[in-house]
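To start, the structure itself, in structure tokens.
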Amino acid sequence: KKGGYPHFMLKEIHEQPESLRNTILPRVQNKLPDFTADNIPDSLFHGISRIIITACGTAMHAGLIGKMMLEKLLRIPVSVEVASEFRYQDPIIDKGTLVITISQSGETADTLAALKLSKERGAATLSIVNVKGSSIARESDYVLYTHAGPEIAVASTKAYTAQLSCLYLLAFRFAYATGKMEKDACIDELQQLLHAVSVLEEVLSQDKIIEEISIQVKDKEDLFFIGRGLDYALSCEGSIKLKEISYIHSEAYAAGELKHGTLSLVTEGVPVVALATQQKVYSKMISNIREVKARNAFVILVTVEDQEAEASIYDYHIVLPKIKDEYAPFPAAVVLQLLAYYTSLHRGLNVDQPRNLAKSVTVE
Ligand code: F6R
């Protein structure tokens, strides 16, 4: 059942190159993203002036990354709303609003309620769902399925990266269909996405160093994840993954926010996972890392190949294969998943079924 792996979570982490290809490749026609087989017409994208992404937990974190990609390519406002909050607000929705719901199970009660409310208020609705024929899939006007296959471990891994890939594909097709992106540029972006998938094997093979780091952090009480831009969105995911299965308290911070309060919690030996994959804010990240290192934090630095980092600012350094800023979340997510996995493992916990949590949250 576990295909030779000790846990479903590890199996599912390792399945990501395959689950991503299964999700992306059927949507490639003549080198362009194509949703004909998904019955999503280009006409859907015309007349959309605003996008709201709503979801829970890890699926919501995928939305945070999707927002940045959609806004970059479409230049229309995208907001990300926690479904359990959104549904009790009085959201401003009109015909020009596209509501994207994201859910692995397709059964999350709050996400389903947010979707129903959006429909009532006249939004066009599209869902990114893993489970075929689930309630959220059935309620949505359009569905873009992640073909991640069954995800058994409570901590979501391959569904998350598959959700990211669908959001990227959607951004590409939307931008291309509305004339915001030229054909050649669209082909190039899709190639970059496939390149991101192809580097995952290399990251998966770095699991020994990640396991070593997990042994260093497993008895700590608090841990911080910091980053800027996409790395901040990814920090949120790294933090939830770690806390849900290792039971270590952790928080994600936009690196620039540290000095507005959180830095007082960073003391000797406190682990700080610093994601610095975004070239355009790299020097700013390095100054933030210096700030935490000056407090003797235990720094785990994640950068992309060819990026200089002086050895005095980190304790461990994980180097990702060369990749454009926009695509770094894929390999970086794998690092964070492995860190959470090994930390839980070395604490002797039930990796696949953490206490108090369920795979499908059908209660409100
Ligand atoms: C965390 C995790 C949860 C789910 C959330 C939404 O690893 O799995 O945060 O992402 O409960 O579930 P779905 O995607 O089924 O709507």
### Message
With n ≥ 4 as the cut-off for DSSP H runs, can you work out [θ] at 222 nm for the chain, using -39500 (n - 2.57) per run divided by the number of residues, rounded to the nearest 500?
### Response
-13000 deg cm²/dmol
#### Entry: Loop-located GluC sites (Glu not before Pro) in the stretch 232-334, at most 15 other Cβ atoms within 10 Å (DSSP)
E268, E305, E308, E310
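Please list Y316, Y253, Y327 from largest to smallest accessible area, probe radius 1.4 Å, with all protein chains kept in place.
I get Y253, Y316, Y327, largest accessible area first.
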## Note on the structure
Once all protein chains are kept in place, R228 shows an accessible area at probe 1.4 Å, nearest 10 Å², of 60
### Two-site label geometry, E201 and D188: point separation in nm, points 7 Å out along Cα→Cβ
2.7
### Query
Which of D306, D222, D94 moves the most in a Gaussian network model of the chain with Cα springs under 10 Å?
D306
### Query
Tell me, what HN-Hα J-couplings in whole Hz come from the Karplus equation 6.51 cos²θ - 1.76 cosθ + 1.60 at θ = phi - 60° for each residue of the stretch 324-339, using x for Gly and Pro?
5, 2, 4, 9, 4, x, 5, x, 5, 4, 5, 4, 5, 5, 5, 4
### Query
For helix 207-217, what angle does its Cα long axis make with the longest principal axis of the chain, in degrees from 0 to 90 and rounded to 10?
60
### Summary
Per GNM of the chain with C-alpha springs under 10 angstrom, the most fluctuating residue out of A162, A255, A311 is A311
### Query
Which of V299, V272, V281 moves the most in a Gaussian network model of the chain with Cα springs under 10 Å?
V281
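At a 1.4 Å probe radius, carbon and sulfur cover how many percent of the accessible area of the stretch 176-292?
Carbon plus sulfur share of accessible area: 49 percent.
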### Task
Using the heavy atoms of the protein chains and a 1.4 angstrom probe, tell me the accessible area per residue for the chain in square angstrom.
39
### Summary
So for the stretch 185-265, using the alpha carbon gyration tensor with a ≥ b ≥ c as root eigenvalues (a/c under 1.5 gives rounded; past that, a/b versus b/c decides prolate or oblate), I'd call it oblate
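Just in the stretch 21-116: which chymotrypsin sites (Phe, Trp or Tyr not before Pro) are loop by DSSP and have at most 15 other Cβ atoms within 10 Å? Walk me through the numbers on the way to the answer.
On the way: sites: F35, F45, F86, Y88; in loops: F35, F45, Y88.
Loop-located and lightly packed - Y88.
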### Message
Once you order the gyration tensor axes a ≥ b ≥ c over the Cα atoms, which shape class does the stretch 83-227 get: rounded for a/c under 1.5, otherwise prolate or oblate by comparing a/b with b/c?
### Response
oblate
### Task
Please say if the stretch 1-96 is rounded, prolate or oblate, where rounded means a/c under 1.5 for a ≥ b ≥ c the square roots of the C-alpha gyration tensor eigenvalues, and otherwise the choice is prolate for a/b larger than b/c and oblate otherwise?
oblate
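The values are calculated or read from the model by the stated rules, or taken from the named source; none is laboratory data. All values derive from a computational prediction rather than experimental measurement. Backbone-built Cβ (ideal geometry, glycine too); neighbour counts: all protein chains shown. Ligands, DNA and RNA are excluded from the accessible area calculation, which covers all protein heavy atoms including side chains. Shrake-Rupley method; radii C 1.70, N 1.55, O 1.52, S 1.80 Å.
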